[in-house]
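Scroll down for the structure; my scribbles are underneath it.
The values are calculated or read from the model by the stated rules, or taken from the named source; none is laboratory data. In this text the structure is predicted, and so the values were computed from the model without any measurement. Because the Cβ atoms are built from the backbone with ideal geometry, glycine has one as well, and the counts that use them run over all protein chains shown. Protein only, heavy atoms only, side chains kept; ligands, DNA and RNA dropped before computing areas. Shrake-Rupley method; radii C 1.70, N 1.55, O 1.52, S 1.80 Å.
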Amino acid sequence: MKYVDEYRDPQIALTIAGRVARNVTRPWVLMEVCGGQTHTLMRYGIDELLPKAIELVHGPGCPVCVTPLEMVDRAIRIAELPGVIFTSYGDMLRVPGSRADLFEARANGADVRIVYSPLEAVKIARANPDNKVVFFGVGFETTAPANAMAVWQAKREGLTNFSMIVAHVLVPPAMRLILESPTNRVQGFIGPGHVCAVMGYQEYDQLAREFHVPIVIGGFEPVDLLESIAMLVAQLEEGRAEVENQYSRSVNYEGNLAAQRIMREVFEVSDRKWRGIGSIAASGYRLREEYASFDAERVFDLKDLNAEEPKECISALVLQGLKKPVDCSAFGKRCTPVTPLGAPMVSAEGACAAYYQYRRHA
Ligand code: SF4
């Protein structure tokens with residue numbers, strides 16, 4: 001299959017890994033930003049193919065993993081209200097809140113439905129005018145256009161029974177937080193290919209310049225990632241810090257301008273709390289005032305909920321590249337994909353789940 005087979009070719013992968021091994025002269029710490037990239041790196045054993053001098057750490061780019069605990073609690077509280085039809089992508093249903101998850105809420109009688117797009121939730125609202133239909137809008141810039149489109153469509157149709165929990169987060173402010181930290185170890189980033197397909201990569205120029213850090217916008221197949229690593233190592237060894245685009249078959253500098261337009265129409269940038277990490281300035285989206293009646297948090301007024309992370313969970317350190325999942329004392333014992341303590345063990349894109357699934361602990 002074009003654009004898949006050649007990016008999974010073992011011979012090409014070995015050739016690139018050989019190039020990395022020949023070029024590297026000292027240790028470098030690289031972070032892949034996206035959970036999808038983490039998953040590929042583990043699945044294909046790319047971390048084990050690289051010379052020991054290259055250390056890969058795993059970034060905060062798994063949207064399920066960074067959705068705050070109290071947001072999950074809030075979603076459960078809303079789902080449990082009479083007359084509410086709560087809709088979400090499937091992976092959010094298993095994310096543990098402080099006392100339960102949405103699956104449990106459903107088992108206890110809440111009307112919780114899995115949908116495959118936010119427009120499906122709008123359709124449910126249209127078909128059920130006597131119910132309040134809520135969509136759990138989680139994700140990075142990648143999913144924001146579809147969520148914006150759903151709210152825009154609901155407004156256009158005059159639907160008064162549709163609302164959305166907006167839990168969108170943005171990648172560049174999280175990278176900035178990592179780079180500003182006095183304990184930062186990351187020397188080069190594999191940038192988020194899917195996010196940049198929407199947003200372009202002009203925002204990353206400023207980060208590369210300000211922190212003198214190379215960023216290579218990377219794809220999601222094994223050869224994409226190896227090529228991105230080779231490009232980063234070349235930059236680091238030559239003392240360059242530029243933004244380069246490995247994923248040029250999907251990403252251009254400006255991004256998808258039509259998608260950005262609908263996002264700007266419906267959302268505005270706001271401070272946002274990240275699970276385990278805390279609040280990051282200007283790191284998320286909220287609905288603009290003109291769309292306030294579609295904001296589920298205002299409609300249901302549940303802002304007072306606060307929740308504590310399980311003490312054992314070190315996901316904040318994992319998501320900033322300061323620790324590996326296997327450094328967590330609960331990993332593979334009290335925390336497994338069947339009994340997750342923290343969100344990185346729930347989502348297929350979470351670093352802890354990827355380590356567990358591909359037996360990096362064995
Ligand atoms: S293994 Fe579980 S408890 Fe440990 S950091 Fe990962 S999600 Fe948290």
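Distance between the pseudo-spin-label points of ALA282 and ASP9 (7 Å out from Cα toward the beta carbon): 4.4 nm. With the cut-off at under 16 Å, measuring from each backbone N in the stretch 154-175 to a point 7 Å along the Cα-to-Cβ line of ALA127 picks out 162.
The Rg/Rh ratio of the stretch 171-307, with both radii computed over alpha carbons and Rh defined as the Kirkwood radius, is 1.04. Computed over the chain with a Gaussian network model linking Cα atoms closer than 10 Å, the most mobile of ASP101, ASP73, ASP91 is ASP91. Of all the options VAL24, VAL95, VAL72, the one that moves most in a Gaussian network model of the chain with Cα springs shorter than 10 angstrom is VAL24.
Phi angles across the stretch 98-107 convert, under the Karplus curve 6.51 cos²θ - 1.76 cosθ + 1.60 with θ = phi - 60°, into 3J(HN,Hα) values of 6, 10, 7, 10, 5, 4, 5, 4, 5, 4 Hz, Gly and Pro given as x. Overall, the accessible surface of the chain at a probe of 1.4 angstrom is composed of carbon and sulfur to the extent of 51 percent. How much FRET efficiency would the formula 1/(1 + (r/R0)^6) give for GLU290 and GLU120, where r is the Cβ-Cβ distance and R0 is 35 Å, rounded to 0.05? The value I calculate is 0.90. Which of VAL195, ILE16, GLN260 sits closest to the plus end of the dipole of the chain, meaning its Cα is farthest towards the positive end, when Lys and Arg get +1 and Asp and Glu get -1 on the C-beta? It is ILE16. In the frame of its principal axes, the chain has Cα extents of 66, 46, 43 Å, reported largest first.
Would you mind computing the Rg to Rh ratio of the stretch 60-214 from its alpha-carbon coordinates, Kirkwood style for Rh?
Details: Rg = 18.0 Å, Rh = 17.1 Å.
We get a ratio of 1.06 for the stretch 60-214.
Note on the chain: lysine pairs with Cα distance below 23 Å, sequence gap of 8 or more or different chains, count 15.
What's the whole-number percent of alpha carbon pairs in the stretch 87-154 lying beyond 17 angstrom? Mind showing how you got there, number by number?
Details: 1008 of 2278 pairs.
Percent of Cα pairs beyond 17 Å in the stretch 87-154: 44.
For the stretch 229-240, the Karplus equation 6.51 cos²θ - 1.76 cosθ + 1.60, evaluated at θ = phi - 60°, returns couplings of 5, 4, 5, 5, 4, 4, 4, 4, 5, 8, x, 8 Hz by residue, with Gly and Pro reported as x. Backbone amide hydrogens, once placed in the peptide plane, bring THR67 within less than 5 Å of ARG275, excluding anything fewer than 5 places away on its chain. Extension gain, ALA100 to ARG209: 0.36 nm times the residue separation minus the Cα-Cα distance gives 34.8 nm.
For the stretch 161-172, the Karplus equation 6.51 cos²θ - 1.76 cosθ + 1.60, evaluated at θ = phi - 60°, returns couplings of 10, 10, 8, 9, 7, 9, 10, 7, 10, 10, 6, x Hz by residue, with Gly and Pro reported as x.
In the elastic network of the chain, a GNM with C-alpha springs shorter than 10 Å, the most mobile of GLY61, GLY191, GLY276 is GLY276. With a cut-off of 11 Å between beta carbons, the residues surrounding GLU157 carry a summed charge of +4, where Lys and Arg count +1 and Asp and Glu -1. Under 5 Å from the amide H of PHE162 lie the amide H atoms of VAL133, each residue being 5 or more positions distant or on a separate chain, with H modelled from the backbone and absent for Pro and chain starts.
Normalised by the number of residues in the stretch 232-299, the average gap of Cα pairs under 8 Å and 6 or more apart makes the relative contact order 19 percent. Under 20 Å from a point placed 7 Å out from the Cα of LEU317 along the Cα-to-Cβ direction: which residues of the stretch 263-303 have their backbone N that close? Under cut-off, by backbone N: 274-279. Convex hull volume of the C-alpha atoms in the stretch 242-362, normalised per residue: 181 Å³.
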